[in-house]
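First comes the structure, then the notes that go with it.
The values are calculated or read from the model by the stated rules, or taken from the named source; none is laboratory data. Remember, predicted model here, so these are calculated numbers, not experimental data. Virtual Cβ from ideal backbone geometry, glycine too; neighbours counted across all protein chains shown.
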Amino acid sequence: MSQSNIQQRSSDSAQELGDETFMSASELLNYMKQTEMAKASKDVGSSTDKARDELIKLLLQPVIVTPEKIAEIKRRVLGQLRTAAVKGDKEVLVMRFPNALCTDKGRALNNSEKDWPGTLIGRPLQASSSGATTLSRRATA
């Protein structure tokens, strides 16, 4: 069968089905992969958003300060300091939190404004007002 006959038959078949053209097997496989990747990406995105929302809810609740809690925090920070010292690091990240825990979404903190601690809410506010830690000068999104 000649190439023109094949093309004519394909064209006739497409017209019979309302001018819909069919995907080749490789096109269909590629489409299926793209659809699966989009679903996986959407699932990851929604679970990430859910985890972030749960973290924000948790960090909005104040920590009940007990001698045991203070000892736990000291152990954790001292462990971080020791690890940093072994590596030769000059700074340690003690606390990180979403910018949603700043009333201005981290603008004052990112711009190193003098009154940036006044924009904190939740546990970051509690930590800064207790003087237990010096917060990083950068809020995370």
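Within region 38-94, the set of residues being within 24 Å of Leu125 (Cβ to Cβ) and small (Gly, Ala, Ser) comprises Ala51, Ala71.
Set side by side, the residues Ala127, Ala108 differ, and just one is assigned to a helix (DSSP H, G or I), at pLDDT below 90 and not hydroxyl-bearing (Ser, Thr, Tyr), which is Ala127. Within region 83-105, the residues that satisfy the criterion of being out of contact with any strand residue (DSSP E or B) (no Cβ under 7 Å at 6 or more places or on another chain) and either in a helix (DSSP H, G or I) or among the hydroxyl-bearing types (Ser, Thr, Tyr) (or both) are Thr83, Ala84, Ala85, Val86, Lys87, Ala100, Thr103. Residues in region 69-82: is at least one in a loop (DSSP other than H, G, I, E, B) and surrounded by 10 or more Cβ atoms within 10 Å (Cβ to Cβ)? No, there is no match, as no residue in region 69-82 is in a loop (DSSP other than H, G, I, E, B) and surrounded by 10 or more Cβ atoms within 10 Å (Cβ to Cβ).
Figure legend. Inter-residue proximity from region 105-120: first residues under 19 Å from Leu60 (Cα atoms), second residues surrounded by fewer than 13 Cβ atoms within 10 Å (Cβ to Cβ) and aliphatic (A, V, I, L, M), beta-carbon distance below 9 Å, spacing 6+ or different chains. Indicated pairs: Lys105/Ala141; Gly106/Ala141.
Does Asp12 count as modelled with pLDDT under 75, of a type in the set (Asp, Glu) and under 30 Å from the mean Cα position of the chain (by Cα)?
On the way: modelled with pLDDT under 75: yes; of a type in the set (Asp, Glu): yes; under 30 Å from the mean Cα position of the chain (by Cα): no.
Spelling it out, it is not the case that Asp12 is modelled with pLDDT under 75, of a type in the set (Asp, Glu) and under 30 Å from the mean Cα position of the chain (by Cα).
Cβ separations smaller than 6 Å between residues 6+ apart or across chains give no pair from region 70-99 residues that are more than 24 Å from Leu59 (Cβ to Cβ) to residues that are loosely packed, with under 11 Cβ neighbours inside 10 Å.
Among the residues of region 22-52, just one is touching a helix residue (DSSP H, G or I) at 6+ places or on another chain (Cβ under 9 Å) and within 21 Å of Phe97 (Cβ to Cβ), namely Arg52. Within region 104-120, the set of residues being surrounded by fewer than 20 Cβ atoms within 10 Å (Cβ to Cβ) and not acidic (Asp, Glu) comprises Lys105, Arg107, Ala108, Asn110, Asn111, Ser112, Lys114, Pro117, Gly118.
Being at pLDDT below 85, of a type in the set (Val, Ile, Thr) and surrounded by 13 or more Cβ atoms within 10 Å (Cβ to Cβ): is that true of Thr133 here? Even if it seems obvious, please write down each step before you answer.
Numbers: at pLDDT below 85: yes; of a type in the set (Val, Ile, Thr): yes; surrounded by 13 or more Cβ atoms within 10 Å (Cβ to Cβ): yes.
Against the criterion (at pLDDT below 85, of a type in the set (Val, Ile, Thr) and surrounded by 13 or more Cβ atoms within 10 Å (Cβ to Cβ)), Thr133 qualifies.
Does Thr48 fit the bill of being assigned to a helix (DSSP H, G or I), over 24 Å from the mean Cα position of the chain (by Cα), among the hydroxyl-bearing types (Ser, Thr, Tyr) and surrounded by 10 or more Cβ atoms within 10 Å (Cβ to Cβ)?
Numbers: assigned to a helix (DSSP H, G or I): yes; over 24 Å from the mean Cα position of the chain (by Cα): no; among the hydroxyl-bearing types (Ser, Thr, Tyr): yes; surrounded by 10 or more Cβ atoms within 10 Å (Cβ to Cβ): yes.
When the stated conditions are applied, Thr48 does not pass them.
Just for region 75-105: of the residues that are of a type in the set (D, E, K, R) and modelled with pLDDT under 90, which one is nearest to the chain's Cα centre (by Cα)? Among them, the one singled out is Arg96.
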